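Please treat every number below as a calculation from the coordinates, not as lab data. Predicted, not measured: the structure shown is a model, and the values here were computed from it. Note that each Cβ is placed from the backbone with ideal geometry, even for glycine, and that neighbours are counted across all protein chains shown.
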Amino acid sequence: MALYAITLGLAGVVLWKVPAHPRSVPVSAPLARPSRMDQWLSRLTVPSGTLRGWLSRAIPLIGVALEPRANVVHWGAVIETGIEEVTGVRLRSVTGLLEVEIPLLSRIPPPRTETPRAKPKTRVPRQALEATDPSLPGDEGRVWAVLGAEPLVGLYQTHSRESFWPYVSPGSPTAYSTRWSQTIVAVGWWLAEDLARENIGVVQSRVDNMADGLLASYNESYTTARHLLEWFPTVRLLIDVHRQGNEVSAATIHGQKVAKILWIVGTDQLLPNPYWHQNLDIVQRLVKVLNHLAPGILYGNGIDVVPYRYNQQLRPGSLMVEIGGTNSTLAEERRADGFLAQAIREVLGSATRPLPSGHD
């Protein structure tokens with residue numbers, strides 16, 4: 001009995017004074033507030049790493065019981081999980097957020113990366129051909145204006161009601177209008193006329209893509225662009241015509257004021273767009289020609305590369321151009337169209353690097 005007591009006493013001395021093996025790693029890291037055991041050991045001037053170290057080696061999870069921990073509720077995760085259960089949308093997903101903002105996006109099939117087979121030409125629905133609006137500029141007010149037998153260029157306007165400050169009612173909060181002869185629709189029509197004079201067939205959709213508001217405009221224009229490509233399969237350049245949303249000073253070319261031109265190139269940073277490199281190549285060629293035809297007509301370097309794709313995933317040659325800004329005049333816009341049509345003619349007629357057909 002005495003021997004047993006002596007053995008227990010020696011074991012207690014060892015546990016009291018001899019540190020645990022240096023390779024021992026506590027399961028839980030120490031918190032800022034010391035535990036009661038730490039306080040008790042510190043009062044007895046006993047190294048804190050001895051007895052607790054042996055206990056940690058003998059019972060690996062003892063540190064969890066000895067260390068007080070604060071309860072943390074991850075409210076962000078709780079809210080995200082609840083929204084996902086109700087709506088099926090993960091808020092941490094960029095695609096999910098875009099689908100909430102643009103409902104039609106979820107119904108858009110991913111672009112085909114393989115080589116598509118050529119499709120036969122399809123007839124334009126009679127209802128579309130006969131649709132007219134007397135307030136539309138040119139072509140007897142047809143909603144789908146076609147100049148030429150086999151159009152090579154297709155034009156449409158996502159923000160169809162974009163107008164210019166000199167032509168909106170005083171006090172208007174936005175530079176939007178449905179007087180089509182004073183909007184970006186008229187700018188698109190003048191570009192169509194100039195392209196026809198350059199012997200390039202062109203079709204312009206004058207569908208009001210802003211009829212359901214600004215936020216819905218890209219839903220509507222996606223459908224418009226798809227119809228245009230389906231009904232006119234000869235189109236090689238599909239151009240969404242805009243003006244900038246801020247005031248842009250005009251360029252002076254040959255002694256006349258001309259609206260400046262900026263190309264917008266959407267990438268695949270947020271959503272798939274297998275054609276953006278091809279689109280960028282076409283825009284770079286257009287910018288080079290414009291710089292030669294009318295030095296100073298470009299806004300900045302003429303190209304703005306953005307993470308959004310803006311319907312430019314539909315086919316190679318899907319482009320967006322901004323002509324002038326909110327303070328531009330219609331005369332400045334009209335002159336810019338003339339230079340733009342010349343540049344498009346030169347790029348379309350390039351024999352060294354032909355534009356992709358969309359079936360390549």
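Structure data summary
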read-out: Shape metrics for region 176-218, restricted to C-alpha atoms - Rg then Dmax, Å; value: 12.3, 36
read-out: Phi-based couplings in Hz for region 180-188 (Karplus 6.51, -1.76, 1.60; Gly and Pro marked x); value: 4, 5, 10, 10, 5, 5, 5, 4, x
read-out: Around GLY255: net Lys/Arg minus Asp/Glu count, Cβ-Cβ under 15 Å; value: +1
read-out: Protection-proxy order for peptides 341-349, 131-139, each taking the mean of Cβ atoms within 10 Å per residue, highest first; value: 341-349, 131-139
read-out: Values of log10 I(q)/I(0), in the order q = 0.15, 0.17 Å⁻¹, for region 129-348 under a Debye, Cα-only, solvent-free model; value: -0.94, -1.25
